[in-house]
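This report refers to the structure that appears directly beneath it.
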Amino acid sequence: MSQKNSKKPLRSAHSYGKLDRDGFIHRSWMKAQGYPEDVFDGRPVIGICNTWSELTPCNSHLREIAEFVKRGVWE
């Protein structure tokens, strides 16, 4: 099998896909944040980081951009 055709397990499966206590804790924390059960179906978990803060007005536009990126990822 070539390197292109082999699938590497997602890093998020290490945290959210395990059926032990740690996996349960990770999934329950995300569910408590309001994420539904179907987000744990094996898809990658994507984190969006931005430097928006009420203390740095020069980065205030990044809050809106991060929200647009978030909507795009969910699509």
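The test for being of a type in the set (Lys, Arg) and open to solvent by less than 100 Å² (accessible area, probe 1.4 Å) does not hold for Lys8.
If you filter the stretch 50-66 down to residues that are in a helix (DSSP H, G or I) and open to solvent by less than 70 Å² (accessible area, probe 1.4 Å), you find that the one that is modelled with the lowest pLDDT is Asn59. Taking every residue in the stretch 49-75 that is over 21 Å from Tyr35 (Cα atoms) and pairing it with any residue that is open to solvent by 100 Å² or more (accessible area, probe 1.4 Å), at least 6 positions away or on another chain, the pairs with Cβ-Cβ distances below 6 Å are Trp52/Arg63.
Looking only at the stretch 18-49, residues that are part of a loop (DSSP other than H, G, I, E, B), open to solvent by less than 70 Å² (accessible area, probe 1.4 Å) and at pLDDT below 85 come to 1 in all. Kindly indicate whether Asp22 is within 13 Å of the chain's Cα centre (by Cα) and of a type in the set (Asp, Glu). No: the conditions fail for Asp22.
The values are calculated or read from the model by the stated rules, or taken from the named source; none is laboratory data. What you see is a predicted model; the values in this text were computed from it and never measured. Neighbour counts run over all protein chains shown; Cβ positions are idealised from the backbone, glycine included. Note: areas computed on protein heavy atoms with side chains; ligands, DNA, RNA excluded. Shrake-Rupley method; radii C 1.70, N 1.55, O 1.52, S 1.80 Å.
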